[in-house]
Amino acid sequence: MIKIDHLSTSYTTIDGPVHVINDVDFEIFDNEIFGIAGESGCGKTTLLKALYDIIEFPLVVDSGKLILSGQKEGKDFSYETGEIRKNWWNNISYVPQAAQSVLNPIVPLKNQFLDSIPKSDRKKETKEQTLKRVGAYLEELSLSSDLLKAYPFQLSGGMRQRVIIALATFMSPNVVLADEPTTALDVVVQRGILMMLMRLQKQLKNTMVIVSHDMGVHYQVTDRMGIMYSGSMIELGKTVDIFEKPIHPYTKMLVGALPRVGDKSQKTGIPGRPPALTNPPPGCRFAPRCPKATNKCKELVPKFREVEQGRYAACHLLNSEVV
């Protein structure tokens, strides 16, 4: 399980701190696929970096913390921010954005797999035994074990993405974080990647967190999802509920703009643009774009709270007839 406990982060700049994550507080459960959605620049990738404990200058944790807990090989574990990075690959792994570019193009894939395995685990067997296990794992994922002899530049973008996912899951981590895993891939390859992620989650019975601006990806893959806007979590619940009955005005407009099979009605985008994180508006940050915003919305920040069982949202209008 991952507990995000009132987390706020910022980036240090010459003009002062830019607050990117604002008091985000929720839980991600064991054995689920959780999605994080929102427009570009809303803080999705920064939140994922914080989950993976990549807290390096200029990124700073202003308040709050993260707790990664669970059980592996019959032993309980619990790590907080600052300790999580000590358990990369074993308990938590990360598929970064534009993952096809993170492999070293001049190093054979077999060496890159060996480098990803903690030294303590490498001491338990010979290099040949380890590579045999890696090859068998690739075959399980419908990939050829001969790939271990190849260099990344010899593979297509889709194949490199599959190899990265294999790298991230080889040690059977409790949590896998994937940032835009289908970006820059054609629709056929995208489907293959998504099916691979779903199959792996069922096989490993672990937790996957998928960040994507593509709502279609979340609809196909995730069990629950959170909607982010301008650094804040504004709605959270089961994916099917969010698509069938969105609560927050932003989510309603986001879902309403999606094309649907057989629906010939004209679609409209969300008016305006997200606020600059360097100078956000007071109150609800969506208020300048919300057609139902009141003076209260423009003055007071809404509290992120449970409004139905398992459904959370941050909106002053939830108890009003105008919603």
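The values are calculated or read from the model by the stated rules, or taken from the named source; none is laboratory data. Given the structure is predicted, the values throughout are model-derived calculations rather than measurements. A quick note on method: Cβ atoms are made from the backbone with ideal geometry, for glycine too, and the neighbour counts reach across all protein chains shown.
List of remarks:
- Subset of region 58-81 that is over 25 Å from Asp115 (Cβ atoms), in a loop (DSSP other than H, G, I, E, B) and over 18 Å from the mean Cα position of the chain (by Cα) - its residue that is modelled with the highest pLDDT: Pro58
- Gln220 being surrounded by fewer than 23 Cβ atoms within 10 Å (Cβ to Cβ) and in a helix (DSSP H, G or I): yes
- Residue in region 82-103 that is modelled with the lowest pLDDT, counting only those that are closer than 17 Å to Thr45 by Cα and in a loop (DSSP other than H, G, I, E, B): Ala98
- Scanning region 161-187 for residues that are at pLDDT 85 or above, over 15 Å from the mean Cα position of the chain (by Cα) and part of a helix (DSSP H, G or I) yields Gln161, Arg162, Val163, Ile164, Ala166, Leu167, Thr169.
- Filtered residues of region 6-44 (kept if acidic (Asp, Glu) and within 25 Å of Pro282 (Cβ to Cβ)): Asp15, Asp23, Asp25, Glu39
- Counted as qualifying within region 1-48 are the strands (runs of 3 or more DSSP E) with 3 or more residues that are out of contact with any Phe, Trp or Tyr (no Cβ under 8 Å at 6 or more places or on another chain) and within 22 Å of Thr251 (Cα to Cα), namely 18-28, 33-37.
- When Gln203 is tested against (1) within 18 Å of Val175 (Cβ to Cβ); (2) polar (S, T, N, Q); (3) surrounded by 20 or more Cβ atoms within 10 Å (Cβ to Cβ), only condition (3) is not met.
- Selection within region 143-173 - in contact (Cβ under 8 Å) with a residue 24 or more places away in the chain and farther than 20 Å from Gln97 by Cα: Leu147, Leu148, Lys149, Ala150, Tyr151, Met171, Ser172
- Enumeration of residues in region 107-142 that are modelled with pLDDT of 90 or more and assigned to a loop (DSSP other than H, G, I, E, B): Val107, Pro108
- All positions within region 171-194 that are farther than 21 Å from Phe29 by Cα and of a type outside the set (Asp, Glu): Thr182, Thr183, Ala184, Leu185, Val187, Val188, Val189, Gln190, Arg191, Gly192, Ile193
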